[in-house]
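Worksheet for the structure shown next.
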Amino acid sequence: MEIIKKKIKGTYEIILKPIKDNRGFFLRTYDNKIFDKFGINKNWVQENHSKSEKKGIIRGLHFQLPPFLETKLVRCIRGSVFDVFVDLRKNSPTFGQWDSIILSENSYNYAYIPRGCAHGFCTLTDISEVIYKVDNYYAPDYETGIIWNDKDLKIEWIEKNPILSEKDSKNITFSEFIKNYQFIEIIN
């Protein structure tokens, strides 16, 4: 397992190392000791599974407000996705910046996204499946999102005309987020 720091403070790409032979492969997908070494071990309380049927679907950019902030550990187990995260944390040197990782079933990688970041992804293949662990419970009354094509964030999505859910098409802009919330304060 290799852990690589990304541009946004506290985000990582975790590259898994499958052991392959003529039967297939064996893969350790999680190791407390390695995660402890990087200070990213969490008490994961839920695991979610998302299946998208078509290429070009964008889900996100989602996040939950305090006290239901979530750390996410995201992996694509079928197909491929362009995974994006945006820093919304108070006093963060990368506040308002985004970064991305291409996750795929063939790359055997995860995105580790800390509390206080919005998260979304775009499917790069027909039939994409994503699983992700979270360290807080889903709280629909505290869920919100930022619109995928926000003019201030300037995310360089691979898909220019995505398929969106009705809910995601009504997400707020980054400037509305700042007006309504200013930032997300992380309280340990």
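The values are calculated or read from the model by the stated rules, or taken from the named source; none is laboratory data. Owing to the predicted nature of the structure, the values given are computational and were not obtained by experimental measurement. Every residue, glycine as well, gets a Cβ built from its backbone with ideal geometry; the counts of neighbours run over all protein chains shown. Each accessible area value is taken on the protein alone, full model and side chains, heavy atoms only, with ligands, DNA and RNA left out. Shrake-Rupley method; radii C 1.70, N 1.55, O 1.52, S 1.80 Å.
For segment 1-60, what does the alpha-carbon gyration tensor say about shape, rounded, prolate or oblate, given a ≥ b ≥ c as the root eigenvalues, a/c under 1.5 as rounded, and a/b over b/c as prolate? Since a/c reaches 1.5 but b/c is at least a/b, the shape of segment 1-60 is classed as oblate. Excluding same-chain neighbours fewer than eight residues apart, the aspartates and glutamates reachable from Lys7 by a Cα-Cα span under 20 Å are Glu70, Asp83, Asp87, Asp99, Asp150, Asp152, Glu156, Glu185. With helices as the sole contributors, the chain gives -2000 deg cm²/dmol at 222 nm; each DSSP H run of n ≥ 4 counts as -39500 (n - 2.57), and the sum is divided by every residue.
For the chain, the solvent-accessible area of protein heavy atoms averages 54 Å² per residue (probe radius 1.4 Å; ligands and nucleic acids excluded).
With an a/c value under 1.5 for the gyration tensor axes a ≥ b ≥ c computed over the alpha-carbon atoms, segment 88-169 is described as rounded. Beta bridges from DSSP with both residues in the chain: antiparallel share about 95 percent, rounded to the nearest 5. Full extension of the chain between Tyr138 and Glu185 yields a length gain of 15.1 nm, computed as 0.36 nm times the residue separation minus the alpha carbon distance. With 0.36 nm allotted per residue and the present C-alpha distance subtracted, the Lys20-His49 stretch has 7.9 nm of extension available. Scoring 128-138, 164-174 by mean Cβ neighbours within 10 Å over their residues and listing the highest first yields 128-138, 164-174. Packing around the peptides 10-22, 52-64, taken as the average count of other Cβ atoms within 10 Å per residue, puts them in this order, highest first: 52-64, 10-22.
For a test of the definition: using alpha carbon positions, the gyration tensor, and the 1.5 limit on a/c, classify segment 19-94 as rounded, prolate or oblate. The shape class here is oblate. For the peptides 147-158, 24-35, the ranking by mean Cβ contacts within 10 Å, running from highest to lowest, is 147-158, 24-35. Students often get this wrong, so try it: which of (1) 18; (2) 25; (3) 37 is percent of Cα pairs over 27 Å apart as calculated from the structure shown? Answer label, from the structure shown: (2).
Reducing segment 1-17 and segment 116-188 to their Cα centroids gives an inter-centroid distance of 20 Å.
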